[in-house]
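The values are calculated or read from the model by the stated rules, or taken from the named source; none is laboratory data. Predicted model, so just to flag it, every value in this text is computed and none were measured. Here the Cβ is made from the backbone with ideal geometry for all residues, glycine too, and neighbour counts use every protein chain on show.
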Amino acid sequence: MDIKPPKYAERLLLRFLRSDLVEEVQGDLEEKFFSTAKKRSEFRAKLNYWYQVIHYMRPFALRKTKSIHINNYDMFRNYFKIGVRNLVKSKFFSFINIGGMAISMAIFFVIALYVLDELKFDKHIADSDLKFRVYSEHFNNDGSRKKGAMIPPMVAPTLMAEYPQVEYYVRYLNFNAAPLFEVGDKKFTEDEGGAADHRIFDMFSANLLEGDRETILTKPNTIAINHTLKQKYFGDKSALGESIEIFDRNFEVAAVFEDFPPHGHFQRNYFLALEGFVPSERMQSWGWNQFNTYIKLKSGADADDLESRLQDFAERNAWPRTKPNGGYYIPHLMSLEKIHLYAYDQVWDIAVRGNIQTIYILTGIAGFILIIAILNFVNLSTARAISRVKEVGVRKVMGAFRTQLIGQFMSESMVIAFLALVMAGVIASIALPHLNDFTEKRIPVDIFINPGMVVMLIGFGLFTGMLAGIYPAIFISSYRPANILSQKVRGRSGKTVLRQGLVVVQFILSFFLVIASFVVSEQHTFMRTTDMGFEKENLLVLPVRGDMDKDFEVTKHSFSDHPSIINTTMGYGLPGQAYAGDGIIDKATGKNWHINMLAVDHDYVKTLGLEIIAGRDFSKKIKSDEPSAFILSETAAKMLGYSDFGKALGHEIGWNRWNAPDSLKEGKVIGIVKDVQLNSMRESIAPLALQVYPVSSTITIRTSSNDIPATIRHLEKTWKRFNSEWPFEYKFLDENFDKMYKAEEKLAVLFRVFTGFTILVACLGLFGLVVYSTTQRYREIGIRKVLGAEERHLVVLLSMNYLILIAIAFAIAIPLSYYAASQWLQTFVFRIPITPALFVKAGLLIMVIALITVGIQSLKATRANPVDALKEQ
């Protein structure tokens, strides 16, 4: 049939074809005006004619619309302009959305940069997938066990001899005490160095600036130094062939190497040739755990297969020699790239240490705070949707497609995301130097203007804007014009439930972080303040140098001659420093026990403040104490079978002297001291024995807290009387434990800071929702006030719903937080209990902050003039 519709039908048709209302209008009108099936049938019949018109006119209409083509650039520019206008129009909600998103993005950027920096370690080393550190797991007769980063010198060459998949090995012996370097009139103590096998540079892909890689460190009495030391001692001239006096011997400079890059776990400044440095018989040891050992496997070798053979290897070679001394060990392999983050539980490690748990925790915080910001945006956008339904209705009636509406609202989300992105970049740039100072990193601040980073940030902004805006855009654009005109958009309870659910999710994450922050902080405080069996405050430690060890009593008297000095002791072995892991022989059973041995003098116990719980201290008046007396710790006494420590007194034990291994020192136990924690609280208490023995590496001085500078001046003056060459050096003993707990301290501080910002972002969103909801209820509040409602009752009414949601979030967060905290605390031998007080404190903190956030706006709303509220239409 040839149908020629009138001009108005053509215009109507064009409008319908440019929108998605063809089917929607029919459904809306049937629902609104036709209550019976018969009337709806008649209406459909009348519409059938127009559907035929539409079908007939579609090609014509599409030809017509080609002339109404809108340039994509103009369309997006229009979207952008409208988005900016809406932001300016709703300044308060724009501030909350942009501010919350900016803070979240900034924290996300800072944490991401920190995490990426941690993950870079040892990635620069060639063939890193074939290189491994050999560490050991030690098992003692008393049932204790621990992992050690250092192993005996015989393990590596025997591995290479027995297993053809090992291409080469490297052993490194670290110097615990910094030796004195002398070049002409230049004299400095140099730490961060030791003795190494010649392939140390191949293992760590170090660049040589001077010297021959094939012959470096192959000759005795040679040394390789880094570029920094070369400049320090020799300036710009070549250092090859020059001599450095160390340990009263001359070492020839055989090579100069480029300073090790900062993203390496192994950071050393110099290496002496291991060949000839240690007596050959000592290098045959299977029990001298003093070497960091690395191996490189041949291409195609199976590391897992070699790992599975290491227990049998140790049983055949090491156990027959170590088990008689009270324990045994099993070697293990750790990939080079994992050492920085995964070796946190290995004792006596010289590596630059990180912790994979810290990476997981910080990554979780970054994700949580970004999710909270996105939920804020979704919540506020859907809550404010009712104020934009008329806009949606008008646009749809005027022919806007739903996809166009979604594009419009998505563009507004993008505008917010990019404004937040710029602000986040500024905030992160300001925060990054402070993070570098605190974490001792070198993340460049100009990273945000790096072209590659700029592209990544733009992509991140697009992704975040889309993620935050997609649901509000779909939700707002879903309103039907008929419903809008009939005001059916109010009371959509499903969307209210969704918003409430998002609030719950936000505060679940907030509670989780607050509880975790409390756990980390309290565990750190516990480790720093718990009783370690000695008094670590006001203890000054000086290394024994020059003539200080010629006459212990003269040295001690000289240093003690000051009114601020209380006690002085000399010996080998201090908490937090080096000590000997020797074994003792139980004379009653002939059994060897692994034990930590401290060589001390008569004043050690009282200087360190050890508590004697049975027996007595060493006494100068009793001549037999030096040749034949021992003091044991509680754990050592229990190891020998004594729960009643008084009965352990008089028990006979033996010890092989260090300077005469075949000469057994025999004696009796004269005292029992309270257990002393020699290392971090991550580790179990080790058995301990003290004996008076004429060996000393340190002099330890207990001072009063009065006039510390004057005391140090006295110590320096006394030092110079004994040492004309060595520079004065000292440190406080508690500095050792500060270093041990630095990782936990950093994590605790970062946790508190980031958790604080998380709460701020969550409360910003909550405040925005409260502002909007109270605005919607102004008339209700006015009516209630006219009817006599008091302000406090109205505040409770407006606040109660949010407090209930927060209480629900708290209830859900408790089991999640408890599980996560329990898992993290398992890494510590000594740890805080997870008590209800932790959760109560977190709950009160969030509740108070939320109550203040909600209460301020609720109180403001209740104090408004009810007449003004009732005038609102």
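Could you tell me whether residue 500 is at pLDDT below 90, in contact with an Asp or Glu (Cβ under 9 Å, 6 or more places away or on another chain) and assigned to a helix (DSSP H, G or I)? So residue 500 fails the test. Residues that are over 39 Å from the mean Cα position of the chain (by Cα) and either in the same structural domain as residue 285 (by TED's automatic domain parsing) or within 30 Å of residue 546 (Cβ to Cβ) (or both): does region 167-183 have at least one? Looking for residues that are over 39 Å from the mean Cα position of the chain (by Cα) and either in the same structural domain as residue 285 (by TED's automatic domain parsing) or within 30 Å of residue 546 (Cβ to Cβ) (or both), one finds at least one in region 167-183, hence yes.
Every residue in region 581-613 that is in a strand (DSSP E or B) and under 22 Å from residue 684 (Cβ atoms), please. Listed by number, the residues that qualify are 583, 584, 586, 592, 593, 594, 596, 597, 598, 613.
Tell me, yes or no, whether region 780-787 has at least one residue that is under 20 Å from residue 852 (Cα atoms), without any contact (Cβ under 8 Å) to a residue 40 or more places away in the chain, part of a helix (DSSP H, G or I) and basic (Lys, Arg).
No: region 780-787 contains no residue that is under 20 Å from residue 852 (Cα atoms), without any contact (Cβ under 8 Å) to a residue 40 or more places away in the chain, part of a helix (DSSP H, G or I) and basic (Lys, Arg).
Against the list (1) at pLDDT 90 or above; (2) within 19 Å of residue 197 (Cβ to Cβ); (3) among the aromatic types (Phe, Trp, Tyr), the condition residue 288 fails is (1). Scanning region 593-633 for residues that are farther than 29 Å from residue 554 by Cα and in contact with a Lys or Arg (Cβ under 8 Å, 6 or more places away or on another chain) yields 613, 633.
Among residues of region 393-403 being among the hydrophobic types (A, V, I, L, M, F, W, C) and out of contact with any helix residue (DSSP H, G or I) (no Cβ under 6 Å at 6 or more places or on another chain), the one that is modelled with the highest pLDDT is 401.
For region 243-260, a residue qualifies if it is over 17 Å from residue 199 (Cα atoms) and surrounded by 17 or more Cβ atoms within 10 Å (Cβ to Cβ), and the qualifying residues are 244, 246, 251. Condition test on residue 682, is it among the charged types (D, E, K, R) and in a loop (DSSP other than H, G, I, E, B)? Judged against the criteria, residue 682 is a match. Scanning region 660-669 for residues that are surrounded by fewer than 22 Cβ atoms within 10 Å (Cβ to Cβ), part of a strand (DSSP E or B) and of a type outside the set (Lys, Arg) turns up 664, 666, 667. The C-beta contact set for region 219-230 (first residue under 11 Å from residue 277 (Cα atoms), second residue in a loop (DSSP other than H, G, I, E, B) and of a type in the set (Phe, Trp, Tyr), distance under 9 angstrom, 6+ apart or interchain) comprises 220/277; 221/277.
Scanning for something more than 16 Å from residue 537 (Cα to Cα), part of a helix (DSSP H, G or I) and not hydrophobic (A, V, I, L, M, F, W, C), does region 724-738 turn up at least one residue? Looking through region 724-738, none of the residues is more than 16 Å from residue 537 (Cα to Cα), part of a helix (DSSP H, G or I) and not hydrophobic (A, V, I, L, M, F, W, C). Within region 290-312, the residues that satisfy the criterion of being surrounded by fewer than 18 Cβ atoms within 10 Å (Cβ to Cβ) and either in contact (Cβ under 8 Å) with a residue 60 or more places away in the chain or at negative phi (or both) are 298, 299, 301, 302, 303, 304, 305, 307, 308, 309, 311, 312. Residue count for region 430-478 satisfying the condition of being free of Cβ contacts under 8 Å to residues at least 40 places away in the same chain and under 30 Å from residue 739 (Cβ atoms): 8.
Of the residues that make up region 245-261, is at least one assigned to a helix (DSSP H, G or I), without any contact (Cβ under 8 Å) to a residue 24 or more places away in the chain and more than 28 Å from residue 141 (Cβ to Cβ)? Within region 245-261 (the criterion being assigned to a helix (DSSP H, G or I), without any contact (Cβ under 8 Å) to a residue 24 or more places away in the chain and more than 28 Å from residue 141 (Cβ to Cβ)), the answer is no, since none of the residues qualifies.
Filtered by the rule that a residue be out of contact with any helix residue (DSSP H, G or I) (no Cβ under 9 Å at 6 or more places or on another chain) and surrounded by 18 or more Cβ atoms within 10 Å (Cβ to Cβ), region 586-599 gives 597, 599.
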